[in-house]
1. Let me test this: with uniform point scatterers at the alpha carbons of the stretch 1-130, what is the Debye-based log₁₀ I(q)/I(0) at q = 0.10, 0.11, 0.22 1/Å?
2. How much length would be gained if the chain were fully extended between residue 16 and residue 121, taking 0.36 nm per residue of separation minus their Cα-Cα distance, in nm to one decimal?
3. Take 43, 68, 8 and order them by how many other Cβ atoms sit within 10 Å, fewest up front.
4. Using a simple spin-label model with points 7 Å from Cα along the Cα→Cβ vector, what separation in nm is obtained for residue 56 and residue 94?
5. In deg cm²/dmol and to the nearest 500, what is the mean residue ellipticity at 222 nm of the chain if only DSSP H runs of at least 4 residues count, each as -39500 (n - 2.57), divided by the residue total?
6. For an R0 of 30 angstrom, estimate the FRET efficiency from the Cβ-Cβ distance between residue 84 and residue 44 and round to the nearest 0.05.
7. Tally Lys/Arg at +1 and Asp/Glu at -1 over every other residue whose Cβ is under 13 Å from the Cβ of residue 84; what's the total?
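Here, each number is a calculation from the coordinates, and none is a lab measurement. Because the structure is predicted, anything quoted here is derived from the model rather than measured. Positions of Cβ are generated from backbone atoms using ideal geometry, with glycine treated the same way; all protein chains shown enter the neighbour counts.
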Amino acid sequence: MAGNRTFSMIKPHAVADNHIGGILKLMEEGGFRIVAMKKTQLSAQQAGKFYEVHSERPFYGELCEMMSAGPIVALILEKENAVADFRKLIGATDPAEAEPGTIRSIYAKSKGENAVHGSDSDENAAIESAFFFSGFERY
Ligand code: RTP
Ligand code: MG
């Protein structure tokens, strides 16, 4: 059975451009309940750890630099079928391919600066949530 929680981050460029509120609104209107939320900044080393699965990809260095360039907002979100439904709500990685109305179609600037992260599996949602939040920070 599909899990009911996913993990998301609002990426530094979207935070810097004052889009936290607009993005949270789309998350809530999309049927997601905010279980946990914090604004923080990753070091390049922490970003490297978070995105370790991509360490062999050509964009890894650029990705770690971009994700540590300023504050992010980390979130645990709840909804039935959360992982798949949230990836639908955010749209394709490349905003040029993102469906109209999706978060990335509205707020992404490029394939790298694509506004939000969304976990790609229940297992990774649990790992990524634990990277940012303790068990006492989930309501
Ligand atoms: P995310 O993990 O952030 O939710 O994004 P995703 O699943 O849609 O994409 P993924 O393949 O996991 O890539 C992770 C992030 O790396 C950056 N990226 N840049 N320049 C490029 O070709 C490229 N490709 C990916 C994006 O920030 C992407 O979200
Ligand atoms: Mg991904």
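1. -0.27, -0.34, -1.50
2. Stretched out fully, the residue 16 to residue 121 stretch lengthens by 35.0 nm.
3. The order, fewest Cβ neighbours first, is 43, 68, 8.
4. Once both label points are built, they end up 2.2 nm from each other.
5. Helix-only estimate at 222 nm: -10500 deg cm²/dmol.
6. Efficiency at R0 = 30 Å is approximately 0.45.
7. With Lys, Arg at +1 and Asp, Glu at -1, the net is 0.
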